[in-house]
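A short worksheet on the structure shown next.
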């Protein structure tokens, strides 16, 4: 049996930690990986090919990782590059029975991944990392800079989390809170192993457990904060808090409320777009004047000669 785990979740939510834990427990992380840096000193756990593949598609579609536009999911869902992804994935599955793929962009292309996997004999499961949006925003500001506003990133959290939940509903999936993974990784991996039917997570060898103990560092939970210090409208932060509580309570039992929250967010975004139209128009590049035709050049020259 071949198994693929897709690590889903917003950037800075603990997805790298989860991918690293799965790698220590025997899952194959396709190589080469994105190089670790100061924002993720223990590594990202991201296959370079996947990051480049998703990034290329997102540039083409003009979609960003923290994209707050509901229409952005319509664009990514319409992508049909499944053959290229299927070919790459088949090569990775030929190397190992258990493969994990993590990239903050993967949630934008779940429809594409499903089409790619339909042509392969593989069991697919999704793990979504949960972290309070205020902590994610604080961490994102430090890691990605302030080129994108707190309000925009908060809205993107709503957009991505609610759409991802809707798209994975009924699929083999599980949600793990970041702080729970840091506090007791064994309990969370055992739960994931039972829900997703992953033997590597329910029968852990002592040497692998020791490796994870050395890898998991509770000190990584640096951004412990609320909305104070973040420039987010109250209407957005209130909706974020409500959606967060629904996820913590359990998405499987809160489907109707999550659907209502998604529709509320879509209405909110449409209103914001309508109000901000003059701002968009003001920064839109002006059309360049067409170069003068030969006839216009001759006429202008004749007028100059007549005026002498």
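A short reminder: the numbers here are calculations on the coordinates, not readings from a lab. Just so it is clear, the model here is predicted, and its values are computed rather than measured. Methodologically, a virtual Cβ is constructed for each residue, glycine included, from the backbone with ideal geometry; neighbour enumeration extends over all protein chains shown.
Against the main long axis of the alpha-carbon atoms of the chain, helix 133-144 sits at an angle near 60°.
For helix 48-61, report the angle its Cα long axis makes with the longest principal axis of the Cα atoms of the chain; keep it between 0 and 90° and round to the nearest 10°. Relative to the chain, helix 48-61 is tipped by roughly 30 degrees. Two numbers describe the Cα atoms of the stretch 1-147: Rg and Dmax, which are 15.0, 45 Å.
What list do you get for 64, 136, 204 if you sort them by fewest beta carbons within 10 Å? Walk me through the numbers on the way to the answer.
Working: 64 16, 136 26, 204 19.
Least crowded to most crowded, the residues run 64, 204, 136.
With contributions of -39500 (n - 2.57) from each DSSP H run of at least four residues, the per-residue ellipticity at 222 nm computed over the chain stands at -17000 deg cm²/dmol. Computed from Cα atoms, the angle from the helix 255-275 axis to the main principal axis of the chain rounds to 20 degrees. Residue order for 58, 1, 189, fewest other beta carbons within 10 angstrom first, comes to 1, 58, 189.
In nm, what is the difference between 0.36 nm times the number of residues separating residue 207 and residue 249 and their Cα-Cα distance?
Working: separation 42, 0.36 × 42 = 15.12 nm, distance 3.43 nm.
Once the chain is fully extended between residue 207 and residue 249, it gains 11.7 nm.
Exposure proxy check: 69, 56 ranked by fewest other beta carbons within 10 Å?
Working: 69 16, 56 11.
By the 10 Å Cβ count, ascending: 56, 69.
Expressed as a rounded percentage, what relative contact order does the stretch 2-277 have, with Cα pairs under 8 Å and six or more residues apart? With pairs under 8 Å counted, the relative contact order is 26 percent.
Return the label of the correct value of percent of Cα pairs over 38 Å apart, as calculated from the structure shown, out of [x] 5; [y] 12; [z] 20. This structure yields the entry labelled [z].
Note on residue 180/residue 241: beta-carbon distance plugged into 1/(1 + (r/R0)^6) with R0 of 22 Å gives a FRET efficiency of 0.70.
Calculated FRET efficiency, residue 39 to residue 78, Cβ-Cβ distance, R0 = 25 Å: about 0.20 to the nearest 0.05. Remark: the residue 263-residue 276 segment gains 2.7 nm on full extension, using 0.36 nm per residue and subtracting the alpha carbon distance.
Please find the FRET efficiency linking residue 111 to residue 214, where r is the Cβ-Cβ separation and R0 is fixed at 41 Å, and quote it to the nearest 0.05.
Working: r = 38 Å, r/R0 = 0.92.
Between residue 111 and residue 214 the formula returns 0.60.
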